[in-house]
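Notes follow once the structure below has been shown.
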Amino acid sequence: MNALIPSFDFQRIFIAPWTSGFETFGWIVLMGFLVTAACGLVGNFLILRRMSLVGDAISHSVLPGLAVAFILSQSRSTTAMFLGALAAGIVTTVLIELIHRKSRVKQDAAIGIAFTSLFALGVILINLYAGKGGVDLDQECVLYGEIAFVPLEPPVMIGGQSFGPTPVVRMALVAAATALLIAFFYKELLVSSFDPALAVSLGINATLIHYALMSWLSVVVVSAFESVGAILVIAMLILPGATATLLSHRLPVMLGLTLLHAAVSAVLGMHLALWLDCSPAGAMVVAGTVLFKSAWIFNPTDGLLRRWFWTRLEKPVIEAT
Amino acid sequence: MSAPENKHPAAIAPADISLEVHDLTVAYHKKPVLWGIDLVVPRGKLVGIVGPNGAGKSTLIKAAMGLLPVSSGWVKVFGEPVKDNLTRIGYVPQRESVDWDFPVSVMDVVLMGRYGKLGLLKRPTKADHDKARECLDKVKMLPYANRQISNLSGGQQQRVFLARALAQESDLYFMDEPFSGVDAATEVAIVELLHELKSRGKTLMVVHHDLPTARSYFDMLLLLNMRVVAFGPTNEVFTNDLLQSTYGGRLTIMSEVAEAVRAKD
Ligand SMILES: Nc1ncnc2c1ncn2[C@@H]1O[C@H](COP(=O)(O)OP(=O)(O)OP(=O)(O)O)[C@@H](O)[C@H]1O
Ligand SMILES: [Mg+2]
C-alpha cells in the first residue's frame, strides 16, 4: 500500500515548492499555466465550432512535418522543427476541409482520416531515414516532452539579464499573443463561429478566419508540446473550455473562467505530482479533470446535485403553490 | 411558358433594380438544383419565394449572397457584383441553421447585425447598443435582451433573427422562412414589419410556404422549382396553371391551390 500511495508530507508537498523549491517549481507551474491558458483560450473556439478533436489531430500529424524539416535542413534546430510542424498543422487543416467539403464524409471522420494518414506517413519517413543513418529522431521526442525538465532548459538572456528558461519565455509570448488576437478579432471569431453565413453577408471572410484559427492552433500546439508533451496539450484544448461551458452561458465569462481553470489546474497538478511523484503534465490533466467534474456535480444552476434536489425536493413545493 | 416573368427587364431603369440574377446555375456534387435562373427584381418590393420542398429556395438565397459556389451565371446587387455590396444585404437564415446552445445573449446576437458597419478591431458603441435595443423593441423582444438564446421558444428565436436583420440596416433582405414556427399574432406583427421596411424603400425576398397567405402578403411572387416557373406581380402569377406547374400536380397541395385560387376569384 505504502508503495502505491506515498506518504503525505505537508511540508514537502505544499510548503517547499513555494519556498526553497521555488526556482524549480515556480517555472513548472508557470509553464503549466501558460500552456493550459493558451490551449484553453483557443480550445473554447474549437468547442464552439465542434472541432475539439482537431487539436488531437494536429498534435499527431506534425510527425511528417518534423521528419521533412529534418531531412531538408539536416538538423534538429528548433526553428526548423517549428516550421516543419507548423506546415504539417496547416496541411492537416486543409486536408480535413478538403475531405469534408469535397466528399460526403462528415467532419469527424475527415479529421480521423487526415491525421492518421499523416501520422503514418511520418512513421514511414522516420523509419526510412533512421535506417540510413541512425538518425536521432523519433515520435517519442515529439509526443512525450516532459514539463519537469523545463527549468533545466537554457535561459533567455537579454543584456546580461535572465528572463527564464527558453520554453517558458516562448510559451509566455504565445499565450500573450493568443489573448491579444482573441481580443482584437473577438467579433469576427464570434460571428463566424455562430453563423458563418451571416459572417459572409457582413463582409467577414469566414473561410479566412477558419484557416487563421487553425494555423494559430498549430502554433500553440507546436510551441507547447515539444517541451510539455502531447497529453497536456490535447487535454487542455478541451478541459478548460468544457468546464467553462458548464459554468457560464456568456463567452467573455467563459474565457475568464478558462484562465482561472488554467491557473488552478497548474497549481493543483504540481502539488499532486509532488505527492504521487509522477509526471507534472499528467497530474495537471488530472487536476483539470477534477475541476471539470466538480463543475459538473456542484454547479449551482444546473449541476448534478442541483438537479437531484430539483427532482427530489423542489417539485412538491411547486405543485403545492 | 406563359409566365410574365422578366418580360420587360429593360423597362426597369438600372437605378431601380435591387437584385439582378443572370443565367445562374448551382449544383451540389455535379447535380444541378438551380438551372438557368434569370431575375430582375425592382427596388422597394416585397417578394415571396414559393415552391415545393427541395425546389432550391434556400439554395437560391445562398447563391445570391455568394455563400455557395455557382456553376455558371452571375448576381448583381444594386448594380455591383454581390461580393462588393455585401453590406447592403441583410440575411435571416432558416432557424435550424445555427446552434442555439451557443453562449451568447439575445443582445449579442442582435449586435452581430452591426458588425458589418463596424470594421476591423472596432467594438460596438453605445449607438450600436441603442440601435440593437430599438430593433429588439420592434419585434417585441426587448424584455428578453439579456436572455441566453437557448432559453427562447422557436418563435422568439425567429424574432431575434429578424431584429438582427433590422440592425443590419440593409437595403436588400433575404429571409428564409421567417414565419416558420411563429404563432398567428407574431406572424401578423412580422408582416407589418415587412411592410414598414418596404415603405422605407427596402427590397425583401421572403421564402414562404403557405400559399393562401402568400397571395395576400406579397407584391410579387417568384414561383421556383429548379427553374423560375414564373416571376411577376402576385395577381398575375398566382394562377392555377402556374402553381400547378410549380408544384407538379401533387395532390394535397393541389387541393390547397385550388382552394386558394377560388378564394381569389
Ligand atoms: N448541402 C447540400 N448538399 C447536397 N445537396 C443539397 C444540399 N443542400 C441542398 N441540397 C439539395 O438541393 C435541393 C434544393 O435544396 P434547398 O434547400 O435549396 O431547397 P428548399 O427549396 O429551400 O427546400 P425547403 O422548402 O425544404 O427548405 C434539394 O434537392 C436538396 O436535396
Ligand atoms: Mg429551404
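Seen from a random direction on average, the alpha-carbon convex hull of the protein assembly as shown projects onto 36.8 square nanometres. Helices in chain A, meaning DSSP H runs of at least 4 residues, each add -39500 (n - 2.57). Divided by all residues, the mean residue ellipticity at 222 nm is -24500 deg cm²/dmol.
Looking at the square roots a ≥ b ≥ c of the eigenvalues of the Cα gyration tensor of chain A, which shape do they give, rounded for a/c under 1.5, prolate if a/b is larger than b/c, or oblate? Cα axes put chain A in the oblate bin.
Provide the per residue accessible area, probe 1.4 Å, for the range B:5-264, rounded to a whole number of square angstrom. Don't skip to the end; give the middle numbers.
Details: 11070 Å² over 260 residues.
Result: 43 Å² of accessible area for each residue.
Looking at the square roots a ≥ b ≥ c of the eigenvalues of the Cα gyration tensor of the range B:111-247, which shape do they give, rounded for a/c under 1.5, prolate if a/b is larger than b/c, or oblate? Prolate shape, in that a/c is at least 1.5 and a/b is the bigger ratio. Element breakdown for the range A:187-262 at a 1.4 angstrom probe: carbon and sulfur atoms account for 77% of the accessible area.
Checking the Cα-Cα distances for A:Lys106/B:Lys122; A:Lys187/B:Lys83; B:Lys45/B:Lys122; B:Lys76/B:Lys126 against a 24 Å cut-off, the pairs over it are A:Lys106/B:Lys122; B:Lys45/B:Lys122; B:Lys76/B:Lys126. Compactness of the range B:5-264 is given as radius of gyration and Dmax, 18.4, 57 Å, from Cα positions.
Solvent-accessible surface, computed for protein heavy atoms with a probe of 1.4 Å, shrinks by 20 Å² or more for the following residues of the range B:157-184 when the other protein chains are added to the isolated chain: B:Arg164, B:Gln168. Normalising the average separation of contacting C-alpha pairs (under 8 angstrom, six or more residues apart) by the number of residues puts the relative contact order of chain A at 26 percent. Element breakdown for chain B at a 1.4 angstrom probe: carbon and sulfur atoms account for 51% of the accessible area.
Might you tell me the accessible area per residue for chain A, computed with a 1.4 Å probe and given in Å²? Each step should come with its number before you reach the end.
On the way: 15460 Å² over 321 residues.
Roughly 48 Å² per residue, with all protein chains present.
The slack between A:Ala263 and A:Gln74, meaning 0.36 nm per residue of separation minus the straight C-alpha distance, is 64.2 nm. Placing R0 at 41 angstrom, the Cβ-Cβ distance between A:Leu305 and A:Phe14 gives a FRET efficiency of 0.90 after rounding to 0.05.
For the range A:186-223, a decrease in accessible area of 40 Å² or greater in the assembled protein chains relative to the isolated chain, with a 1.4 Å probe, applies to A:Lys187, A:Leu190, A:Phe194, A:Asp195, A:Ala197, A:Leu198, A:Val200, A:Ser201, A:Leu202. If you plug the beta carbon distance of B:Leu118 and A:Ile5 into 1/(1 + (r/R0)^6) with R0 = 56 Å, you get a FRET efficiency near 0.50.
Only protein heavy atoms count here, probed at 1.4 Å, and on that basis chains B and A bury about 2500 Å² of accessible area in total.
To put it simply, the accessible area of the range A:1-113 at a 1.4 Å probe is 68 percent carbon and sulfur.
For B:Glu134 and B:Ser180 in one chain, what is 0.36 nm times their gap in residues minus the Cα-Cα distance, to one decimal in nm? Write down the numbers at each step before the final one.
On the way: separation 46, 0.36 × 46 = 16.56 nm, distance 2.36 nm.
Once the chain is fully extended between B:Glu134 and B:Ser180, it gains 14.2 nm.
An oblate overall shape is assigned to the range A:198-273, the ratio a/c of its alpha-carbon gyration tensor axes (a ≥ b ≥ c) being 1.5 or greater and a/b not exceeding b/c. Label separation (B:Arg227 vs A:Phe163): 6.8 nm, computed from points 7 Å beyond Cα along the C-beta direction. Across chain B, the mean sequence separation of Cα contacts (distance under 8 Å, 6 or more residues apart), normalised by length, yields a relative contact order of 26 percent. When the other protein chains are added to the chain by itself, burial of at least 30 square angstrom of heavy-atom accessible area (probe 1.4 Å, ligands and nucleic acids ignored) affects these residues of the range A:237-259: A:His249, A:Arg250. Rounded to the nearest Hz, the phi-derived 3J(HN,Hα) couplings of the range B:68-78 under the Karplus curve 6.51 cos²θ - 1.76 cosθ + 1.60 (θ = phi - 60°) are 10, x, 10, 7, 7, x, 9, 10, 10, 10, 6, where x marks glycine and proline.
Stretched out straight at 0.36 nm per residue, the stretch from A:Leu181 to A:Leu276 would grow longer than its current Cα-Cα span by 30.4 nm. Annotation: peptides A:191-200, B:83-92, ranked by per-residue average of other Cβ atoms within 10 Å with the highest first, follow the order A:191-200, B:83-92. Within the range B:91-178, the trypsin sites (Lys or Arg not before Pro) that combine a DSSP coil assignment with at most 12 other C-beta atoms in a 10 angstrom radius are B:Lys122.
Return the FRET efficiency for the residue pair B:Thr213, B:Asp241: r is the Cβ-Cβ distance, R0 is 22 Å, and the value is rounded to the nearest 0.05. Once rounded, the FRET efficiency stands at 0.60.
The values are calculated or read from the model by the stated rules, or taken from the named source; none is laboratory data. Every value quoted in this text rests on a predicted model; they were computed, and no experiment measured them. For neighbour counting, all protein chains shown are included, and Cβ atoms are generated from backbone atoms with ideal geometry for every residue, glycine included. For the accessible areas, the whole protein counts, side chains as well, though only heavy atoms, and no ligand, DNA or RNA atoms are used. Shrake-Rupley method; radii C 1.70, N 1.55, O 1.52, S 1.80 Å.
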